[in-house]
Amino acid sequence: MSKYYELSPSILSADFSCLGEQVQAIEKAGAGWVHIDVMDGQFVPPVSYGDVVVRCLRPGSGLFFDVHMMVTEPDRYIADYKAAGADMFTVHAEACTHLDRTLQAIRESGMKAGVALNPATPLSVLDYVLDKVDMILLMSVNPGYGGQKFIPSTLQKLQDLTAKLEAAGYADIAIEVDGGVNASTIDAVLDAGADVIVAGSAVFKGDIEKNVQELQAHISRKAK
Ligand code: DX5
Ligand code: ZN
């Protein structure tokens, strides 16, 4: 996957009574991706939503659908999300008994394959699967809820991951950061090596268009 900067607004903080309009608003404001958080009540305490939401949003949106599976043994759902119109299917390393097999199955489905790591999970779990990964998602909060505070040790982890990918010849793998990113924390996250920035509450609380444009302005300054 070629690297580029993207903002991926997380609909977890959206108003679900008018979800379609809110997703259109982020697209109109200039976002290229939308981040869709799936929670099963087992890997993380809450239950969020599933492939039916992806299926309903797909016809009205040209955004890249970035699905974050906070779900135990997510390989059970690969075919459903592909059929619903997902573009990226990111699984947690902690939630997969057979991570290598799961990543192969995601790519075989035609979706891009992502691996997510919780804040306390070491980067070494990635060592033998880099050839099967399009994106690595570093959690900068513990997964399960929007609106949490950014965990500062993520910045060192991001720098370590950037160096690791370069040393291993996989600098083309995208790095996504998820949790607690807002106008105050985004610059440090970009400087530490992130390519794809997830933002939930920082986009959907208040004026969506203005929020997207403000975060995009930080990204554009970095891209120069
Ligand atoms: C948390 C989710 C995030 C969440 C981010 O478990 O994976 O995507 O929506 O929300 P904010 O940006 O508000 O931290
Ligand atoms: Zn997420």
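Would you confirm, using the coordinates I've provided, whether SER109 is surrounded by 15 or more Cβ atoms within 10 Å (Cβ to Cβ) and hydroxyl-bearing (Ser, Thr, Tyr)?
When the stated conditions are applied, SER109 passes them.
Exactly one condition in (1) within 14 Å of ligand 1 (Cβ to nearest atom); (2) under 16 Å from LEU190 (Cβ atoms) is false for LEU158; which is it?
Tallying (1) within 14 Å of ligand 1 (Cβ to nearest atom); (2) under 16 Å from LEU190 (Cβ atoms), LEU158 fails exactly one: (1).
Let me spell it out: the conditions are (1) open to solvent by 40 Å² or more (accessible area, probe 1.4 Å); (2) modelled with pLDDT of 95 or more; (3) assigned to a loop (DSSP other than H, G, I, E, B), and ALA31 meets all of them except one. Which number is the exception?
Of everything listed in (1) open to solvent by 40 Å² or more (accessible area, probe 1.4 Å); (2) modelled with pLDDT of 95 or more; (3) assigned to a loop (DSSP other than H, G, I, E, B), ALA31 misses just condition (1).
Checking the structure you have, find out if any residue of the range 187-202 is β-branched (Val, Ile, Thr), within 14 Å of ligand 1 (Cβ to nearest atom) and either closer than 12 Å to LEU155 by Cα or modelled with pLDDT under 95 (or both).
yes
Evaluate the following for ASP100: is it open to solvent by less than 60 Å² (accessible area, probe 1.4 Å), away from ligand 1 (no atom under 15 Å from the Cβ) and out of contact with any Leu (no Cβ under 9 Å at 6 or more places or on another chain)?
Spelling it out, ASP100 is indeed open to solvent by less than 60 Å² (accessible area, probe 1.4 Å), away from ligand 1 (no atom under 15 Å from the Cβ) and out of contact with any Leu (no Cβ under 9 Å at 6 or more places or on another chain).
Output yes when any residue across the range 13-25 is modelled with pLDDT of 95 or more, touching a helix residue (DSSP H, G or I) at 6+ places or on another chain (Cβ under 6 Å), open to solvent by less than 50 Å² (accessible area, probe 1.4 Å) and within 13 Å of ligand 1 (Cβ to nearest atom), and no when none is.
Taking every residue of the range 13-25 in turn, at least one turns out to be modelled with pLDDT of 95 or more, touching a helix residue (DSSP H, G or I) at 6+ places or on another chain (Cβ under 6 Å), open to solvent by less than 50 Å² (accessible area, probe 1.4 Å) and within 13 Å of ligand 1 (Cβ to nearest atom).
Given TYR77, TYR5, which one is touching a residue at least 12 places away in the same chain (Cβ under 8 Å), closer than 24 Å to MET135 by Cα and surrounded by fewer than 18 Cβ atoms within 10 Å (Cβ to Cβ)?
TYR5
Quick grid of which residues meet (1) in a helix (DSSP H, G or I); (2) at pLDDT below 95; (3) over 27 Å from GLY20 (Cβ atoms):
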| site | (1), (2), (3) |
| --- | --- |
| VAL54 | yes, no, no |
| LEU57 | yes, no, no |
| ASP66 | no, no, no |
| TYR81 | yes, no, no |
| THR90 | no, no, no |
| GLU94 | yes, no, yes |
| THR102 | yes, no, yes |
| ARG107 | yes, no, yes |
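Which condition from (1) in contact (Cβ under 8 Å) with a residue 40 or more places away in the chain; (2) under 17 Å from the mean Cα position of the chain (by Cα) is the one that VAL141 breaks?
(1)
The values are calculated or read from the model by the stated rules, or taken from the named source; none is laboratory data. Keep in mind that this is a model prediction, so the values were computed, not measured. For neighbour counting, all protein chains shown are included, and Cβ atoms are generated from backbone atoms with ideal geometry for every residue, glycine included. We work out accessible area using only protein heavy atoms, side chains counted, and drop any ligands, DNA or RNA first. Shrake-Rupley method; radii C 1.70, N 1.55, O 1.52, S 1.80 Å.
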